[in-house]
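In what follows, a single structure is set out as structure tokens and then discussed.
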Amino acid sequence: MSATHLNCGYVPLIDSAPLIIAKELNFAAEEGLELTLTPQPSWSALRDMLALGHLEAAQMLAPMSVAMSMGLGGLSAQIDALMVLSVNGTIIGVSQDMSKAMGDVPFADPTLNAEALLAAAKGKLRVGVPFPFSMHRLLFEYWLSDKAAEAGIEIEIVTTPPPRMADALENGLVDVFCVGEPWGSVAVARGVGRLILPSSAIWQFAPEKVLAVRHEWANENPETCGALMRAIYKAARWLDTGSNKPLAVDILSRSAHLDLPDTVIDPAISNSLSPDMGLPGEHVENFLIFNRHAANFPWRSQAAWIAARLNADAEGIETAKKSFRSDLYRQHLSTIGADMPGASEKLEGSMRHATAVASTRGHLILGPDAFFDGKIFDSGQEV
């Protein structure tokens, strides 16, 4: 039987690893797929290629898939998030000038870094993010917008492609950046930036990228849809096996899909980031998660949180929930032993520690998933 050819778009970031591993270690081939990975120069290009049908599937920013389904921004389409590809993995950093103005602040402390950053700002903070509808922007604004408004500091969002973030810092176009790895570590290696805060310090379990397809394609190609999900789930599970991490770095650096050296791939995979040039790596617990703690499950409550941060009304939040296809996840992945949670929504931010929960196989541990401010999100309401 001939393999089914599938075009999948991605942006060359470390968190595209499940797609790369699915192809390079033949998880896709074992599911009868000939997987072609097609790099995209920007998130807007990827969005348009998927919406217009030039791609069957794509790695996508979680808020982008929700925004498209809600009809927000540019080219809209009904998009299904079949599964989460990665949790966390984003880093916030500052220019060297801003770093000097902030002084010596402990890495990964959200409160002290917020205070120092606002004290160092001169009326405005120019913040580089890869795309307006991104977890980068939503988390940064959740962390700092209210405090900035109280301090009379304007936040200007500057859309900057990830590979150009270090250039934007060096050329004085942004003061702060929020970007996926390896581009934070690249800025450090070039001596133009300092890392101050991982996104996991803002929300300990934020869905960063999803596997996105057009809704009609999922309906018309159920077998191919399931095969793709199984292949990527197996790749994500392989990536989160500790003994595989050195080999993962080797495969990712040798493949043509990222075109990056192992020295800038390793920090995210090993959860050890160097905040500044010449400093040793600091361990960041759960900096980037591919599979553990049901990372791949598309929680509808996470989609609701995203929609709420996009100022959606009740109808928009319901649309967002429906776009996170926990039903298809249960249908296609239960056959390969994936442990399924008892519900498809949960109280976001309620777990400060890893917690055992009811599941189909009885072995599921979730969390921690706390927000930095201690709030809990429930069906569109913060309590």
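The values are calculated or read from the model by the stated rules, or taken from the named source; none is laboratory data. Since the structure is predicted, the reported quantities are computational estimates derived from the model, not experimental observations. Cβ atoms come from the backbone with ideal geometry, glycine included; neighbour counts cover every protein chain shown.
Looking only at residues in region 221-247 that are in contact (Cβ under 8 Å) with a residue 40 or more places away in the chain and of a type in the set (S, T, Y), the one that is surrounded by the fewest Cβ atoms within 10 Å (Cβ to Cβ) is T224.
When restricted to residues that are in contact with a helix residue (DSSP H, G or I) (Cβ under 8 Å, 6 or more places away or on another chain) and more than 12 Å from F107 (Cα to Cα), region 273-291 contains 7. Filtering region 176-192 to residues that are assigned to a loop (DSSP other than H, G, I, E, B), buried (at least 17 other Cβ atoms within 10 Å of the Cβ) and either over 22 Å from the mean Cα position of the chain (by Cα) or of a type in the set (S, T, Y) (or both) leaves only V192. Checking S272 against (1) in the same structural domain as G32 (by TED's automatic domain parsing); (2) among the small types (G, A, S); (3) surrounded by fewer than 19 Cβ atoms within 10 Å (Cβ to Cβ); (4) under 28 Å from G349 (Cα atoms), only one condition comes out false. Which one? All conditions pass for S272, except number (1).
Matching residues to (1) touching a Cys at 6+ places or on another chain (Cβ under 9 Å); (2) outside the structural domain of W143 (by TED's automatic domain parsing); (3) part of a helix (DSSP H, G or I):
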position	(1), (2), (3)
A303	no, yes, yes
I317	no, yes, yes
L328	yes, yes, yes
L333	no, yes, yes
E345	no, yes, no
S350	no, yes, no
R361	no, yes, no
D369	no, yes, no
D373	no, yes, no
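Among the conditions (1) at pLDDT 95 or above; (2) of a type outside the set (A, V, I, L, M); (3) surrounded by fewer than 19 Cβ atoms within 10 Å (Cβ to Cβ), G278 misses just one, which is (1).
Cβ separations smaller than 7 Å between residues 6+ apart or across chains give the following pairs from region 93-112 residues that are free of Cβ contacts under 8 Å to residues at least 24 places away in the same chain to residues that are part of a loop (DSSP other than H, G, I, E, B): L112/V105; L112/P106. If you go through region 22-45 and keep only what is among the hydrophobic types (A, V, I, L, M, F, W, C), closer than 29 Å to T159 by Cβ and either surrounded by 22 or more Cβ atoms within 10 Å (Cβ to Cβ) or in contact (Cβ under 8 Å) with a residue 24 or more places away in the chain (or both), you end up with L37, W43. Residues of region 116-164 that are among the basic types (K, R), closer than 17 Å to S95 by Cβ, surrounded by fewer than 16 Cβ atoms within 10 Å (Cβ to Cβ) and touching a residue at least 24 places away in the same chain (Cβ under 8 Å): K124 alone. Flag not set for G172, criterion: in a helix (DSSP H, G or I), in contact (Cβ under 8 Å) with a residue 60 or more places away in the chain, not assigned by TED's automatic domain parsing to the domain that holds I20 and not hydrophobic (A, V, I, L, M, F, W, C). Can you find a residue in region 205-217 that is part of a strand (DSSP E or B) and surrounded by fewer than 24 Cβ atoms within 10 Å (Cβ to Cβ)? Yes, region 205-217 has at least one match.
With respect to H293, is the statement that it is in a loop (DSSP other than H, G, I, E, B), under 20 Å from the mean Cα position of the chain (by Cα) and either among the aliphatic types (A, V, I, L, M) or buried (at least 16 other Cβ atoms within 10 Å of the Cβ) (or both) true? For H293, the condition - in a loop (DSSP other than H, G, I, E, B), under 20 Å from the mean Cα position of the chain (by Cα) and either among the aliphatic types (A, V, I, L, M) or buried (at least 16 other Cβ atoms within 10 Å of the Cβ) (or both) - is not met.
This table checks each residue for (1) more than 18 Å from V210 (Cβ to Cβ); (2) of a type in the set (G, A, S).
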| residue | (1), (2) |
| --- | --- |
| A308 | no, yes |
| Y329 | no, no |
| S334 | yes, yes |
| S350 | yes, yes |
| D369 | no, no |
| D378 | yes, no |
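In region 122-130, is there at least one residue being over 25 Å from A62 (Cα atoms), assigned to a loop (DSSP other than H, G, I, E, B) and basic (K, R)? There is at least one residue in region 122-130 that is over 25 Å from A62 (Cα atoms), assigned to a loop (DSSP other than H, G, I, E, B) and basic (K, R). If the condition is being closer than 12 Å to R230 by Cβ and either crowded, with 20+ Cβ neighbours inside 10 Å or of a type in the set (A, V, I, L, M, F, W, C) (or both), then region 311-336 contributes L328, Y329, H332, L333, I336.
Residues that are of a type in the set (G, A, S) and touching a residue at least 24 places away in the same chain (Cβ under 8 Å) within region 65-82 comprise S65, A67, S69, G73, G74, S76, A77, A81, listed in sequence order.
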